[in-house]
1. What tally of residues in segment B:256-273 results from selecting those that are more than 14 Å from chain A (Cβ to nearest Cβ) and either of a type in the set (Phe, Trp, Tyr) or within 15 Å of residue B:285 (Cα to Cα) (or both)?
2. Mind checking which residues of segment B:253-275 are of a type outside the set (Val, Ile, Thr) and surrounded by fewer than 17 Cβ atoms within 10 Å (Cβ to Cβ)?
3. Could you tell me which of the residues A:60, A:53, A:35 is in contact with a Leu (Cβ under 6 Å, 6 or more places away or on another chain), buried (at least 18 other Cβ atoms within 10 Å of the Cβ) and touching a residue at least 24 places away in the same chain (Cβ under 8 Å)?
4. Which ones in segment B:48-66 are in contact with a helix residue (DSSP H, G or I) (Cβ under 9 Å, 6 or more places away or on another chain) and small (Gly, Ala, Ser)?
5. Evaluate the following for residue A:40: is it in contact with a helix residue (DSSP H, G or I) (Cβ under 8 Å, 6 or more places away or on another chain) and not in a strand (DSSP E or B)?
6. Return yes when residue B:277 is within 14 Å of chain A (Cβ to nearest Cβ) and either part of a strand (DSSP E or B) or on the phi < 0 side of the Ramachandran plot (or both) and no when it is not.
Amino acid sequence: MKETIITVRNLSKKFGDFIANDDLSFDVYKGEIFGFLGANGAGKTTAMRVLCGLSKPTSGDINIAGFDVYSQTELIKTNIGYMSQKFSLYEDLTIDENISFYGGIYKLSNKEIKEKKELLINKLQLNAVRKKLVRELPLGWRQKLAFSVAIFHEPKIVFLDEPTGGVDPITRRQFWDMIYEESDKGLTVFVTTHYMDEAEYCNRVSIMVDGKIAALDTPVNLMQTYNAKNMDEVFLKIVRFS
Amino acid sequence: MQSGKSIIIENISKHYGSVKALENINFSVDNGEMFGLIGPDGAGKTSLIRILTSLLLPTSGNAIVNGYDIVKDYKKIRKTIGYMPGKFSLYYDLTVEENLNFFATVFGTTIKENYDLIKDIYSQIEPFKDRQAGKLSGGMKQKLALSCAMIHKPDVLFLDEPTTGVDAVSRKEFWLMLKKIKNKGITIFVSTPYMDEAELCDRVALIQDGTILTVDTPVNVVKSFDNPLYSIYSDNIYYLLKDLRALSATKSVFAFGQSVHITFNNGTNIEDVNKYLKDTGHSNSNTKIITPCIEDCFMQLMSVKS
């Protein structure tokens, strides 16, 4: 029996007359890599903000890692991690300082922060540059560090919003290696991307069109259903013709 | 245009303090060509485009755009090129039509005079011509920016990452628009981090860490991949990658969707590899030889360089 970690039932979010999310229902299972795709403006960011406890839905029942999005947003925030392409680290703090800062925000003890920081810096092989400002790090390294920092407090779920945009192809794959490794250890990964090959790395993928979920299945099943040779074709068929 | 070249770049370098953003760049772009500058963030794409559009001085080297020297003749260059920067740089508090009018007037022309050139693109946003530019959707902003970059009928159009952050469907539509512009005889110089867009260009330059990895047609770039490339499918890509990395015959292995792309050291027997995969529990793995894509080539060139 798969353990459900995100439950969404009839999520709607309206801004005045505009319906950004229209009656979304889906589950995400523990340890799953869940791809959340959609065209620009389809409502992905709005839904993601609701799931992270940053915005209240207009209606619907949503449970994240055992907590309710209406009444337990603070508990949700401590049990999830979040990383976006645009902003995830402080460029004018050093690598060391960024890690300590996030550890502190999530209320880890100084001792814990110190121990875990050493492990992380060794794992990412950042020892030689740990006192350097993040802005001096190449983008690829910054994204790997940002992911590690987002899961530093060992959340149950991590939300990744276009984590690999603009990253070179080798680093992009190293980044996905890290995602696989954590998912293998039981972390649930909820990820948006515009790279359709990355959609195929996900266990299941949902595709949003105009505020609704137009399709949700494993990549293999989606390719069969839509008679497509890859996810790029699946995406085109769904977004263009639904 | 001299020698049929729209752009000639000779030994261009750009250093910011100790950072070498561009190092000894040399290539040229033919008249009427769709030329792609392809590489990740931080590779130097924007620096090169700013140099070619006369907005940034190179540390050393020369370049000729449209027959004009980028330093000496910068005023002439600016009249004959169009430039769409990576960041939306129109006036948010002017309407769609006011923005377009503004750019037309700056270049001493009118919307009416060159309407034919932008009609295909502008007609899609014309119903919203009284809306403020800041209130347009991403796709509409892009169409307006492209219209503004073309309203003075440029000979060469520079586009800096027009499709970054744009979904797969809108990206395809944007490239169709570019194709139409090219068919009007305009040279297009476009940068992108998306490797799959390379095949839509006549020729591409692959750029990484401020240096050019190769300049060629997409077909020739693929031909230059000098190892047989295999694709292997398995149910569990994570363990497939781990197991193949542990195999001494493996030269390079990268994930591609639900498969991996892999090259082997000389003398490797594929049957031995398949047997190894069965032994390591990949009972339904499937190995086949494939044609590389630009991304395979980019990664191989990156690995060779480092």
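1. Matching residues across segment B:256-273 total 5.
2. Applying the first criterion (of a type outside the set (Val, Ile, Thr)) to segment B:253-275 yields B:254-259, B:261, B:264-267, B:269, B:271-272, B:274-275.
Within segment B:253-275, B:265, B:266, B:267, B:269, B:271, B:272, B:274, B:275 meet the criteria.
3. Values: A:53 fails: in contact with a Leu (Cβ under 6 Å, 6 or more places away or on another chain); A:35 fails: in contact with a Leu (Cβ under 6 Å, 6 or more places away or on another chain).
Result: A:60 is the single residue among A:60, A:53, A:35 that is in contact with a Leu (Cβ under 6 Å, 6 or more places away or on another chain), buried (at least 18 other Cβ atoms within 10 Å of the Cβ) and touching a residue at least 24 places away in the same chain (Cβ under 8 Å).
4. From segment B:48-66, those in contact with a helix residue (DSSP H, G or I) (Cβ under 9 Å, 6 or more places away or on another chain) are B:52-58, B:61, B:63-66; that's our starting set.
B:54, B:61, B:63, listed by residue number.
5. Working: in contact with a helix residue (DSSP H, G or I) (Cβ under 8 Å, 6 or more places away or on another chain): yes; not in a strand (DSSP E or B): yes.
It is true that residue A:40 is in contact with a helix residue (DSSP H, G or I) (Cβ under 8 Å, 6 or more places away or on another chain) and not in a strand (DSSP E or B).
6. Working: within 14 Å of chain A (Cβ to nearest Cβ): no; either part of a strand (DSSP E or B) or on the phi < 0 side of the Ramachandran plot (or both): yes.
No: the conditions fail for residue B:277.
Conditions tested, residue by residue: (1) more than 8 Å from every other protein chain (Cβ to nearest Cβ); (2) part of a loop (DSSP other than H, G, I, E, B); (3) closer than 17 Å to residue A:90 by Cα.
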residue: A:148; (1), (2), (3): yes, no, yes
residue: A:154; (1), (2), (3): yes, yes, no
residue: A:205; (1), (2), (3): yes, no, no
residue: A:208; (1), (2), (3): yes, no, no
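Listed here are the residues, each with its yes/no results for (1) touching a Phe, Trp or Tyr at 6+ places or on another chain (Cβ under 7 Å); (2) within 19 Å of residue A:201 (Cβ to Cβ).
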site	(1), (2)
B:239	no, yes
B:255	yes, yes
B:279	no, no
B:291	no, no
B:296	yes, yes
B:306	no, no
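The values are calculated or read from the model by the stated rules, or taken from the named source; none is laboratory data. Since the structure is predicted, the reported quantities are computational estimates derived from the model, not experimental observations. A quick note on method: Cβ atoms are made from the backbone with ideal geometry, for glycine too, and the neighbour counts reach across all protein chains shown.
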